[in-house]
Amino acid sequence: MDISQFFTSADLFGIAPEIILTVTALSVLTLEMLHVSRPGIILMVAALGLFLAGALAINTSGDEQILFGGMLVLNRFSVFFDFLYITIGLLTLIFSQGYLEKRGSASRGEYPALILFAIIGMMLMTRANDLVIVFLGLELLSLSLYILVGFLRHDQLSNESGLKYLLLGAFATGFFLFGAALTYGAAGTTNYNGIVTAITNNTILSDTYLFLGIGLLLIGFAFKVALVPFHMWSPDVYQGAPTTVTGFLCTAPKAAGFGALIILFNRAFVDIHYQWQDIFWILSAMTMTIGNISALIQHNVKRMLAFSSVSHAGFLIMGILVLNETSISAVLFYLVVYSVVNLGAFAIVSAAEQEERGLNLKDYRGLAAQHPWLSAAMTIFMLSLAGFPPTAGFVAKFGLFSAAVSQGYIGLVIIAVLNTLISIYYYLRLVVNMYMQKEESTLILSYKMLAIVFVGLIAIMMIILGITPGYLLEIVTEAASTVA
Amino acid sequence: MAENYLPILVIFVLAAGFAFVSLIITHLVGPRVTNAVKMMPYESGVDQVGKTRIRFSIRFFLIALLFIIFDIEIVFLYPWAVVFKDFLSAGSFIFFEMVVFLAILAFGFIYVWRNGALEWE
Amino acid sequence: MITGNIITDFCLLILFLPLLAFAINIFFGKRLPRQGDWVSVGSVLITLILSLSLLMNMFMNWDANFSYEAQFSWIDLGAFKVELGFWVDNITIVMLAVVALISSMTHIFSLEYMKGDIRYSRYYAYLGLFTFSMNGIVLANNLVSLYIFWELVGVSSYLLIAHWFEKHSAADAGKKAFLTNRVGDIGFFIGIMLIFTAIGSFNFQDVFAGVSQGMISGTLLTLAGVGLFMGAVGKSSQFPLHIWLPDAMEGPTPVSALMHAATMVAAGVYLTVRLFPLFSPEALTIIAYVGGFTALFAATIAITQNDIKKVLAYSTVSQLGYMILAVGVGNYVAALFHLLTHAMFKACLFYGSGSVIHAMHHSLHELHDHDTDPQDMRNMGGFKTKMPITHWTMVISTLAISGVPLFSGFLSKDAILAGSLAFAQHHPQHFLLPVFGFGAAAITAFYMFRLIFMTFHGEPKLPKVFEGIHESPKVMTFPLMLLAGLSFFIFYTLPYFNPISDHGWFTELIKAGDSVAPGNPTAHEIYDGVHHAHYPAMALSLLVAGLGIGLSYLMYMKHKFSAENWARKMGFLYKLSLNKYFFDENYNRFLYQPLLKLSRAVAYLDWDLYDKYFINGFGRVTNLLSKITGRIDYDGLDQILVDGVGRSVRRLGKQLKQVQTGRLQNYMLFALVGLIIILVIQTI
């Protein structure tokens, strides 16, 4: 029997980043087993693995490759996401230095290992060309996240949010799996190419099944990226999870969800995408509005950022509503900016967090006098999230809005702009608290030098990207052109 | 095609019917004596030591969970064994593939062991 | 040999080193040793070395057609694309060298001149910002970055003029310079936009190609040209926007030398030279007349000024008018040549005046005399013996600006005059242009020697002050000597040694290109005309320079004629000149006051009428209505309307908070309802 009909060495090379990351995660666990759990060493090993995986990913960034008989597709788009995950993972690990100990949990090798496993899952999601692979990736990601969310075993909130996330995640997985099954029933295959062929050749067995399947798949994703009304879990979970995990949770899985959603609707359901535009429209409008209004009344910084991330998902859905090359590249740009800025903001929040306090807006009063550089960085992050020029956030929002306007979604863009205006209020509230309130801040920030260096780098990058977005725009346009 | 399954249905109905009928008959014809001793969980003479509703140690769940994980992983060995001979002609790849799989499994086992999840106290 | 990539690197360094110095000094300057002046001086000296090596490279190549362009994309949003880049040719290299040289001289000169200033490090930071933006203008290969740097130059000029902002006049002068420049910049911006709409690109080469293909022509092209020229009028202080430059002398003297004599004001000339190919014949005629008129007009004002810096300021306006005139008659190589020579001798003159003012200032300071004006030439006289270096260097540069043979000004001025003469020969109806030129030349020679005689010769007017006058220290005299040395002809005629020839490295390495606008003569035709007019122009210019110098000598050295008598006899004209033709007063009466009145009227309409009656009335009615509705139905929807949207949004948020119970079963219920709604919507 010939093995090459099942898979070839090219397939193995294709998934080399995943293999490397698996080996790294196992080595990290081994180090922990051998009681070499000095955080620095573990971080170094994990970072090495991530770098190696990134190098191998870029190695495969040439032409489009189809692996494992059509299960995985490698192209610029997937490589772009690989890099995004790796960057987010690396930043999360750097920002987590010392945080878990501060919150009373032993530093353990499981933490980086779980993040690495989550990255593998996400890589599979955006490389997938088959619903089964998406499901596998999604599960690997979700299982890692369930544990990460509940990582602070002695913290009741963390435990609660872990359980909530597990239950609702399982609920969402049910939707997704059911959707995949119905799609399989209708199209006779779970492969994207097969599905699109079945739709174009009109060999769909049952239109109802397909319709239900797409709907349920969409809801499965809607849970994962927290679209209204499937977002209810996110504030509770984001608030309860360790802050550094929250940073990871509201960036990378969201990116993976949107990436997979783009591929799904652009490759498998490309011909019937237009039938779902009303739903996307409503989801987008509702998500951004309800997310923003809820964020407005929050006093807890983590919860505010959680709701703000819900509203950002609403903006991002606009790109999937339009779904052409411009809008996809805008989504990619937005994801990069949003992810990096959020990580930076959560890094500062996690530095300020203490046992009893450090999470309320009031605690930030007068912080600027004590920590002018960190406050300046936080201001840049907030301005970037609000979409002020000359930060990168402005360019990102501008790209998305102009992509939507060019396809005639004027009404939605008006809603989006109004929402942006609302969002300025609560983003700037933090800034006002830091700078303009006279009260002495008693927060004692604890941070590692490395983390601060990266926070500063992110802040500078956001300004640079706001002024000269050209380089990143080029990359995202190239990535988007391979799927559009 | 569906009629091929008819015998199964018949057996199912017969089995269920037998159980149901015997329960009803014992209920109807059996004598009923109720006293304290008779209502005890074990009426064969062993004294009860405590309540039935006790808390189990979380370790039981941990052990059970670990057992299930490893047990289910082992299931993958069966299909592998079935196609093993067909693939052997293409070299020893299929053998080493399972070695990798088992190695990862073994790693998990060692990890659990080293972290003390299998120790009772 | 320096090639492509290295040129890019050099240019990036030349551009960004001063910016780095700016950033360091503005943030950390005060905390650094010596307040960070060494950072600025070091960075600018490195740019000088880099610029000079580019210049050496140009000599070694000896290629008149050398040009190099480097581009990179800045914003790429599909349809809207902005590319930034450099365009380096021989003109750029010469300009870079001029900017770097004068800028480093200014940096060095200021070490002494600005010693002890309260905002010393900030002063150096702004110098860095200016050098950065000026280099940006020179290197720009497109209109957008040119415009950006153009504005940055305006900003740094504003900051430096108003450096001593405690002095009311300095703060006002800064504002005046900035606002007057803005007037010109509006035209500049309109010109840029006209060109972009017609051609769709900002890049110089694309624009020239577009013009030659006729994508923009006729009146529109003339309008665009005039618009772009308006930018130059503002920045180069041409009539009628010349009013800001004399006031800008409120800034520190080294700044005046750097910006208001050698480089910044030359940016306007540089702009017209760079964009010369796209000016239509009509636009060029306008340019020629504006330039020629400014040259003569400013010279007539300079005659009667007594403030040493004001004389130099009007002289600068006049000389810039020369350059603009040269561009207007098509002889733009001569304009650039004069820019180069003028930068050297005018900077030298300014440093000289700075040296004199510095000496006066110290002398007055020791006498505790705070009323005597240290800049008034009527308080000087006889400084020749006390300040020999300052005297001789200033004499050399005065000889240069007067157009005396053996000095640089002779060569470049002669080229300009020859150009205007040739132009008038071809177009007799424009006979006024050479008249402007020669007239201004005579007057320039007159008032410049007046300055020398009044300052350095004759009897000291204030003997007490005279006692305390000393030669300035070496850091101040070094730039003077260097720049005076560079005012000799030899540096511009190499490799030839003929002091009256119109050949030299400059004319051979910088060749005029053909205009791409229809109707203009070719570069060759212009060159032929200039060449033929060379000797007559030279004879004439020698004659008028001699006349001016002679008259000045008789009047201010020998006192054969009394200047006061003349002034009395020509009372009206004298008053006009002394008061600068009442420009500021007339602008005030006919422009600012009406504008102020108009804005007050609008404010009255807005505030008193509109607000008082309309808005307040509206408010009162709304108030009444809300009271009524509030009484009828205080709760519910009405309250939201009255209380404003903000509160209702918050309330909505609070209601949403009720939904966020924290109970999983509720969340799942919401999700299920959402699912059902989605499916229902989709089925319909």
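Read-outs throughout are calculated quantities, based only on the coordinates presented, and are distinct from any laboratory measurement. The model shown is predicted, which means the values in this text are computed figures rather than measured ones. As a convention, Cβ positions derive from the backbone with ideal geometry for all residues, glycine included, and neighbour counts pool all protein chains shown.
A simple charge model with +1 on the Cβ of Lys and Arg, -1 on the Cβ of Asp and Glu and nothing else charged puts the dipole of chain A at about 1120 debye relative to its Cα centre. Taking amide hydrogens as placed 1.01 Å from N in the peptide plane, the amide H of C:ASN203 sits under 5 Å from those of C:LEU143, each at least 5 positions away in sequence or on another chain. Estimated purely from DSSP H runs of n ≥ 4, each contributing -39500 (n - 2.57), the mean residue ellipticity at 222 nm for chain A is -24500 deg cm²/dmol once divided by its residues.
Close amide H contacts of A:PHE388 (hydrogens built in the peptide plane, cut-off under 5 Å, sequence separation of 5 or more or a different chain): A:PHE394.
With everything on Cα atoms, drop me the angle between helix A:76-96 and the longest principal axis of chain A, reported from 0 to 90° to the nearest 10. With both axes taken from Cα atoms, the answer is about 30 degrees.
In nm, give the distance between the simple-model label positions of C:ASP528 and C:VAL183, each being 7 Å from the Cα along the Cα-to-Cβ direction. With each label placed 7 Å out from Cα toward Cβ, I get 4.2 nm.
For the pair B:LEU77 and B:ARG53, label points projected 7 Å from Cα toward Cβ lie 4.2 nm apart. Charge dipole (Cα centre; +1 on Lys/Arg Cβ, -1 on Asp/Glu Cβ; no other charges) of region A:274-484 amounts to roughly 380 debye. Cβ crowding within 10 Å ranks C:TRP392, A:TRP276, B:TRP120 as B:TRP120, C:TRP392, A:TRP276, fewest other Cβ atoms first.
Listed values for region C:164-179 are Karplus-derived 3J(HN,Hα) couplings in whole Hz (6.51 cos²θ - 1.76 cosθ + 1.60, θ = phi - 60°), namely 8, 6, 5, 7, 4, 5, 5, 4, 5, 4, x, 4, 4, 4, 5, 5, and x replaces Gly and Pro. Checking the cross-link pairs C:LYS167/C:LYS310; C:LYS310/C:LYS346; A:LYS254/A:LYS362 against a 23 Å limit on the alpha carbon distance flags A:LYS254/A:LYS362 as lying beyond it. Once C-alpha pairs closer than 8 Å and six or more residues apart are averaged by separation and normalised to the residue number of chain C, the relative contact order reads 12 percent. Answer with one residue from A:SER294, A:ALA172, A:SER144: the one whose Cα lies farthest towards the positive end of the charge dipole of chain A, charges on Cβ with Lys, Arg +1 and Asp, Glu -1. So the residue we want is A:SER294.
Once the Cα atoms are used to define both axes, helix C:90-113 deviates from the longest principal axis of chain C by about 90 degrees. Backbone phi angles across region A:12-25, fed through the Karplus curve with coefficients 6.51, -1.76 and 1.60 (θ = phi - 60°), yield HN-Hα couplings of 5, 5, x, 9, 4, x, 5, 4, 4, 5, 4, 4, 4, 4 Hz in residue order; Gly and Pro are listed as x. Using a ≥ b ≥ c from the Cα gyration tensor of chain C (square roots of the eigenvalues), is it rounded, prolate or oblate, where a/c under 1.5 gives rounded and otherwise the larger of a/b and b/c decides, a/b for prolate? Prolate, because a/c is 1.5 or more and a/b exceeds b/c. Quick one: Debye curve from the C-alpha atoms of chain B, no solvent, what's log10 I(q)/I(0) at q = 0.22 Å⁻¹? Per q value, in the given order, log10 I(q)/I(0) is -1.20.
Note that region C:9-16 has calculated 3J(HN,Hα) couplings of 4, 4, 5, 4, 5, 4, 6, 9 Hz, one per residue in order, obtained from phi through the Karplus relation 6.51 cos²θ - 1.76 cosθ + 1.60 (θ = phi - 60°); glycine and proline are x.
Taken along the Cα-to-beta-carbon direction at a fixed 7 Å, the label points for C:ASP371 and C:HIS427 span 5.6 nm.
Look at C:CYS11, C:CYS348 and count the other Cβ atoms within 10 Å of each Cβ; fewest to most, that gives C:CYS11, C:CYS348. For the residues of A:398-405, the average number of beta carbons from a partner chain within 10 Å of their own beta carbon is 1. Computed about its Cα centre, the charge dipole of the protein assembly as shown is approximately 3480 debye, with only Lys, Arg, Asp and Glu carrying charge at their Cβ.
How far is helix C:281-304 tilted off the main Cα axis of chain C, in degrees rounded to 10, range 0 to 90? On a 0 to 90 degree scale, this one is about 60.
Which of B:PHE96, B:LEU77, C:PRO460 sits farthest toward the positive end of the charge dipole of the protein assembly as shown, with +1 on the Cβ of Lys and Arg and -1 on the Cβ of Asp and Glu? Final value for the positive-end residue is C:PRO460. For the protein assembly as shown, the extents of the C-alpha atoms along the principal axes are 157, 82, 61 Å, listed from largest to smallest. In which sequence would C:VAL404, C:VAL435 go, from the one with the fewest C-beta neighbours within 10 Å to the one with the most? With the fewest neighbours first, C:VAL404, C:VAL435 line up as C:VAL435, C:VAL404. Dipole orientation for region C:381-528: of the candidates C:LEU509, C:ALA422, C:ALA400, C:ALA400 has the Cα lying most toward the positive pole (charges on Cβ; Lys, Arg +1; Asp, Glu -1).
For the residues of A:288-301, the average number of beta carbons from a partner chain within 10 Å of their own beta carbon is 3.
Normalise the Debye intensity by I(0) for region A:274-484, one equal point scatterer per Cα, no solvent, then take log10 at q = 0.08, 0.09, 0.10 Å⁻¹ and round to two decimals. For the requested q values the scattering log ratios are -0.28, -0.35, -0.44. Once each of the trypsin sites (Lys or Arg not before Pro) sitting in a DSSP loop with at most 14 other beta-carbon atoms within 10 Å is removed, chain A keeps A:154-356 as its longest stretch. Close amide H contacts of C:PHE407 (hydrogens built in the peptide plane, cut-off under 5 Å, sequence separation of 5 or more or a different chain): C:PHE489.
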